[in-house]
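Here the structure is laid out as C-alpha cells; the discussion comes afterwards.
Just so you know, all these numbers are worked out from the coordinates, no wet-lab data involved. Only a predicted model underlies this, so the values are computations on that prediction, with no experimental measurement involved. Heads up, the Cβs are rebuilt from the backbone with ideal geometry, glycines too, and the neighbour counts pull from every protein chain shown.
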Amino acid sequence: MSDNKKTWIVLLAGLFLVACQTMYVPDAYNFSVKESKVNPYGYWTVVTFKADPEKLAPEMVAGELICIDSDTLYLLESDSLVWPIYARSVVKAELFTHKNQTGTYAALSSLLLVPNIIGALTNVEEYGGGFLAIGIPTALIGLSRVLAESKSHDNILVYPEKNRLENFKLYARFPAGKPENVDFNQLTLKRSF
C-alpha cells in the first residue's frame with residue numbers, strides 16, 4: 001500500500017475516533033444549538049455534593065435543573081423525584097447547554113472528502129494519488145476542527161472552576177426561582193421523540 005493511502009487511512013480513522021465519544025447526557029436533553037435557544041425545559045446538570053460531613057466520598061446526582069433558590073438547587077432526577085441540594089454542600093456542578101459539535105464537524109469533513117475518495121478509487125492507476133492529495137487540506141482542516149471542538153468544553157458550565165452557581169439560574173426550567181403554584185411531585189422529565 002502506498003504511503004499516500006496509509007496517510008489517508010490514518011487521517012480518516014482519527015477523524016472517526018474523535019467523533020465517536022460518549023456523553024452521559026440523555027438524548028432528550030442533548031439539545032442542538034438551535035433547540036437550546038427555545039428550550040422550555042431545564043438543562044441537564046450533574047452535581048457532586050457532600051451530603052454528610054462524616055462520609056469520605058461525595059455523592060452525585062444528575063438530572064434536569066428545575067430552579068435555584070438563594071441556598072438550594074433543585075434537580076429533577078426522574079419523574080416526580082426532585083432532589084433539593086444545599087448550595088454550600090456542592091463540590092462540583094456541570095451543566096450541559098447544548099450538544100457538542102464534534103460529530104457534526106466530522107460528518108461534514110467526511111462528506112467533503114467523498115468526491116476525492118471516489119476519484120481516487122475510479123482512477124487508481126493514473127491519478128489516484130492526485131485526488132487524495134487534493135483532499136488533504138480538507139481533511140486537515142476538518143480534523144483540526146474536530147480536535148478543537150472535542151477539547152473545548154464551551155457547551156458545559158462548570159462550577160467552581162469557571163462559573164458561579166448564580167450563572168446556572170438562566171438554564172433552569174424556572175429561572176426566577178421556585179414558583180409557589182407548582183407541585184414538584186407532578187414534574188416529569190422531557191421525553192425523546
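Sticking with the crude label model, points 7 Å out along Cα→Cβ, report the distance from V114 to V158 in nm, one decimal please.
Placing both labels 7 Å beyond Cα along the Cβ direction yields 3.7 nm.
What does the highest-first list of 30-42, 168-180, 84-96 look like by mean Cβ count within 10 Å? Please list the in-between numbers first.
Working: 30-42: 13.8, 168-180: 15.4, 84-96: 17.3.
Listed from highest to lowest mean packing, they are 84-96, 168-180, 30-42.
For Y24 and T72, what is the calculated FRET efficiency with R₀ set at 22 Å and r taken between the beta-carbons, to the nearest 0.05?
0.40
Long-range amide H contacts for K99: which residues qualify at under 5 Å (H placed 1.01 Å from N, peptide plane, sequence gap of 5 or more or a different chain)?
Residues meeting the amide H criterion: F31, S32, V33.
Give me the net charge for the shell around L73: Cβ to Cβ below 15 angstrom, other residues only, Lys and Arg +1, Asp and Glu -1.
0
Give the peptides 70-78, 44-52 in descending order of average Cβ contacts within 10 Å, highest first.
44-52, 70-78
Going down the table (K37/K92; K92/K190; K92/K169; K50/K190; K37/K99), which pairs top 22 Å between alpha carbons? Intermediate values should be presented prior to the final figure.
Values: K37/K92 25 Å; K92/K190 24 Å; K92/K169 16 Å; K50/K190 28 Å; K37/K99 12 Å.
Pairs exceeding 22 Å: K37/K92; K92/K190; K50/K190.
Give me a comma-separated list of calculated 3J(HN,Hα) values for the range 66-82, in order, Karplus coefficients 6.51, -1.76, 1.60 applied at θ = phi - 60°, integers in Hz, x for any Gly or Pro.
Using θ = phi - 60°, the values come out as 8, 6, 10, 8, 4, 9, 9, 9, 10, 10, 8, 7, 8, 3, 6, 10, 9 Hz.
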